[in-house]
1. How much of the pair distance distribution for the range B:8-108 lies past 18 Å, counting alpha-carbon pairs only, in percent?
2. Could you pull out every residue, at least 5 positions away or on a different chain, whose amide H is within less than 5 Å of the one on A:Gly240? Hs are placed 1.01 Å off N in the peptide plane, and Pro or chain starts have none.
3. Give a residue-ordered list of calculated ³J(HN,Hα) values for the range B:71-83 (Karplus: 6.51 cos²θ - 1.76 cosθ + 1.60, θ = phi - 60°; whole Hz; x for Gly, Pro).
4. How big is the dipole moment of the protein assembly as shown about its Cα centre under a simple scheme where the beta carbon of each Lys and Arg is +1, that of each Asp and Glu is -1, and everything else is neutral? Debye, nearest 20, please.
5. Got a sec to turn the phi values of the range A:366-378 into Karplus ³J(HN,Hα) couplings, 6.51 cos²θ - 1.76 cosθ + 1.60 with θ = phi - 60°, whole Hz, x for Gly and Pro?
6. If you find the alpha carbon centre of the range B:31-90 and of the range A:87-108, how far apart are they in angstrom?
7. For a quick check: with amide H placed at 1.01 Å from N, whose amide H comes under 5 Å from A:Gly357's, ignoring anything fewer than 5 positions away on the same chain?
8. Could you pull the Cα extents of the range B:1-48 along its three principal axes, largest to smallest, in whole Å?
Amino acid sequence: MWRAFCLVLLSVCFETTRFRGKTDFHLSFFQRKIGTFVHKPVISFLFMKKTALSNKHTALGARMVPFAGFLMPVEYTGVMDEHRTVRKGVGVFDVSHMGEFWCKGPKAYNLVQRLTSNDLARLQDGRVQYTCFPNGRGGIVDDLLVYRFGHEEYLLVVNAANIEKDWKWVNEQNNGGAELINASAEISQLAVQGPLAANVLQKLTPVDLDGIKYYTFVAGELAGVKDVIISATGYTGAGGFELYFPNEYAGKIWDAVFEAGKEEGIKPAGLAARDTLRLEMGFCLYGNDIDDTTSPLEAGLGWITRFVEGNDFIDREFLEKQKKEGVKRKLVGFELLERGIPRQHYPIMDASGKQVGEVTSGTMSPMLNRGIGMGYVEVSLASPGTRLFIQVRNKSLEAEVVKMPFYKSE
Amino acid sequence: MNIPKNLKYTEDHEWIRVEGKEAFVGVTDFAQGELGDVVFIEIETAGESLGKGEAFGTIEAVKTVSDLFMPVSGKVEEVNPELENNPEIVNKDPYGKGWMIKITPSDLSELDSLLSPEEYEALLNK
């Protein structure tokens, strides 16, 4: 069963639906002998895609696991150390598995506006918008970032596990004939995150990083590479930048960033820390907290669902009605009041012991040193302060609904 | 991979070290590496007599959780008190300070069915 851990890890903390069937936590938990599991990860490794930085990770001693079809570093020095490094200093994530679609031409604006729930009219050149693709059935195809380079040029950054699904969806909706390019396989992405990220990157670029405000970007020279997209975004809540560039420069930029960050104690960080960091902030993870069956309104993403003039997006009518009538369930954040770690699929109960939902994401918060998690419950149980109980294997542990983010940076 | 020669091992990655009539039990270096950072260890079986292969507790890491199994039958005499406040010793010193329980084995012949260091190493390399 121990060999199954790297698979368990995926179902516990990451987005992929691809592995969920065979990595159900309870199955492997009670699977005593490793024999039936032992070869599965090994075999699947052979079919895994690699990022341009795969050799760097291996050389650093990273533990590599299959994730969304890629062989990705899950941890280097350990999730706790990496997590704290990002919160207090600076850490680097290889997130080259993420997908990038260009949408260009005179029809681009209308296509992106129709595809996404947020209002594209509010997005100016050089800015980034968090948004989602409603799926035409009240759910979500994916959540994504939209970068505006110009009225006729957008970059859509989507989840790795959804690249194929999103690409099909975007093309199906492209009735107007916008130009679409799937650049996912050619673009590498590094997330340089943490309060010291700007210090480090400023050594490598003439671009004034202080001038790049949250959710804006500049395409400029970095580490001698021209036209690197330097974006003040991230999935950690720790501040910092995400860098996009062609694969061929990945090694060069990686090395330059680590050289520049020596003084700041820069460290590589893996998917495990990325997950604990995002969960402390209450950021949704597609496949865990949002999916084709959850509405953006239920997920607390009303702020990216804009019912304004000119934003005629897919599912607008349905979602507007849902907003008017009120959602029946809501995604809430909770903290455990007792020692324990909530994990995905653990049952959520009310005070009477009746199951009212299940955990969609859960972890031990390295900063709060407490179990935290999210899950959908009916609206009457969604107010902060509400007592809930999480079934952690054979124990029912008391929890309290709290406002997110769980962790507020100093 | 550290696999001390003076221990016996289970296929579930526990080790056992016999000292006279008593024995110490913990998890292997491989196990702690696979688990990642250990957050806490829950052992509520002190004083109980358990059979070989029965769960004596659970170990929770940030990203994973696992049951802990008795390598041989016996009575759980003591739980390592250091684990309560310093669970990370399991990561740092799995065969030493990170021991988990002290037991009185009820049938020492059960040790023969466990893996030798060489057999355990072979299992890991499979």
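1. I get 37 percent for the Cα pairs in the range B:8-108 exceeding 18 Å.
2. A:Gly194
3. x, 9, 5, x, 9, 7, 8, 7, 9, 4, x, 5, 5
4. 760 debye
5. Once rounded to whole Hz, the list reads x, 7, 8, 6, 8, x, 10, x, 9, x, 8, 9, 5.
6. Taking the Cα centre of each part, the range B:31-90 and the range A:87-108 sit 41 Å apart.
7. Here the answer is A:Ile348, since their amide H atoms fall under 5 Å of that of A:Gly357.
8. Largest first, the range B:1-48 extends 32, 30, 15 Å along its Cα principal axes.
Since every read-out is calculated from the coordinates, none of them should be taken as a lab result. These figures come from a predicted structure and were not determined experimentally. Counting neighbours? That spans all protein chains shown, and the Cβs are built from the backbone with ideal geometry, glycine included.
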